[in-house]
1. Working only within the stretch 163-213, note down all residues that are charged (D, E, K, R) and either over 17 Å from the mean Cα position of the chain (by Cα) or modelled with pLDDT under 95 (or both).
2. Are any residues in the stretch 194-213 in a loop (DSSP other than H, G, I, E, B) and surrounded by fewer than 20 Cβ atoms within 10 Å (Cβ to Cβ), and if so, which ones?
3. All but one of (1) polar (S, T, N, Q); (2) without any contact (Cβ under 8 Å) to a residue 40 or more places away in the chain; (3) more than 15 Å from SER260 (Cβ to Cβ) hold for THR107; which doesn't?
4. Could you list, in sequence order, all residues of the stretch 224-246 that are among the acidic types (Asp, Glu) and surrounded by fewer than 22 Cβ atoms within 10 Å (Cβ to Cβ)?
5. Considering only the stretch 219-233, state which residues are out of contact with any Leu (no Cβ under 8 Å at 6 or more places or on another chain) and either more than 21 Å from MET183 (Cα to Cα) or not assigned by TED's automatic domain parsing to the domain that holds THR203 (or both).
6. Under 6 Å between Cβ atoms, which residue pairs at least 6 apart in sequence (or on different chains) link something in the stretch 164-182 that is among the aliphatic types (A, V, I, L, M) with a partner that is surrounded by fewer than 16 Cβ atoms within 10 Å (Cβ to Cβ) and part of a loop (DSSP other than H, G, I, E, B)?
Amino acid sequence: MIFTFTFFFFSEKLQKISGALQDEIARRKAQFKKEVIQDRKRKSEGFKTRKGIMTGSNGKDNRRKWRRKKAKGFPMFSFAAWRDAPIYPDWRKEEFEAANVTLDEATAHPALLVSERGRRVTWQETCQDLPSSTQRFNSIPCVLGQLRINSGRAYWEVEVGDMQSWDLGICRDNVTRKGAFIMSPQNGFWAIRLYDGDYWALTSPETSLPLRERPLKVGIFLDYEAGDVSFYNMTDGSHIFTFPQNTFYGVLRPLFRFWSSDSGSLNICSAEGECTDVIHKPTLQVK
């Protein structure tokens, strides 16, 4: 009887302590977020988005516009510490442009089918009979995004779902597209990979990424001036990987790679968060 009473007494005490701790953690998180947002706004009031820093192949601005009040005397917010934040990618979105990324069909490997709106790509068994082009990948099944970035901050999200293998990231516009090549920062590629159930950052040598939860959607955040490219698991909000800081030069573009025909489909989310599209077979021009 005494044992039972003691057990329930301590059990009740533990529940109360646990509840109090959870309330305190929630309160501190909310307070911390409030302080960070206030500090960010104070430091970045002078930030003003420049036009023309991110364009599609037609030269048009493909970003979702947003503005801040103009005020002199405040420096741009620094991401020195923020860049490695393990959680809350939604906070980073407030400092980045939501890019409307679409696929550049002219760069797509002949085995890759691009959707009508250019937001979805799927591997097919039979390669298409496409005209030869210096822009097209002819050996490794890759496709680039239309978006061209040479300054500023941008982010986009890619729905990978239950795909078994993929590469996602960015590359220089002038990377080799013919024959075999190794994806690494030294060769102008900054990407992560899922292959055979394992996740890797394509550093040199590659870095193993032990993720706590399989990402169904991946967020890519690029800060050109800071030389920073980071990847987030948008499923649980966790940080996947940030490449060591680089000095970017020239134009950078979104990169997508397949590994096999059973990989599934990659879906690029619009700036508004829509991630669905329909595949079509491109119409070939008769010579």
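The values are calculated or read from the model by the stated rules, or taken from the named source; none is laboratory data. Every value quoted in this text rests on a predicted model; they were computed, and no experiment measured them. Note that each Cβ is placed from the backbone with ideal geometry, even for glycine, and that neighbours are counted across all protein chains shown.
1. Looking only at the stretch 163-213, we keep the residues that are charged (D, E, K, R), and these are 167, 172-173, 177-178, 193, 196, 198, 206, 212-213.
Passing the criteria: ASP173, ARG177, LYS178, ASP196, ASP198, GLU206, ARG212, GLU213.
2. Step one: list which residues in the stretch 194-213 are in a loop (DSSP other than H, G, I, E, B), which gives 196-197, 202-206, 209-213.
Once the filter is applied, which keeps residues that are in a loop (DSSP other than H, G, I, E, B) and surrounded by fewer than 20 Cβ atoms within 10 Å (Cβ to Cβ), the stretch 194-213 yields ASP196, GLY197, THR203, SER204, PRO205, GLU206, LEU209, PRO210, LEU211, ARG212, GLU213.
3. Checking THR107 against (1) polar (S, T, N, Q); (2) without any contact (Cβ under 8 Å) to a residue 40 or more places away in the chain; (3) more than 15 Å from SER260 (Cβ to Cβ), the one that fails is (2).
4. Step one: filter the stretch 224-246 for residues among the acidic types (Asp, Glu), giving 225, 228, 236.
Correct list: GLU225, ASP236.
5. GLU225, ALA226
6. ALA180/SER139
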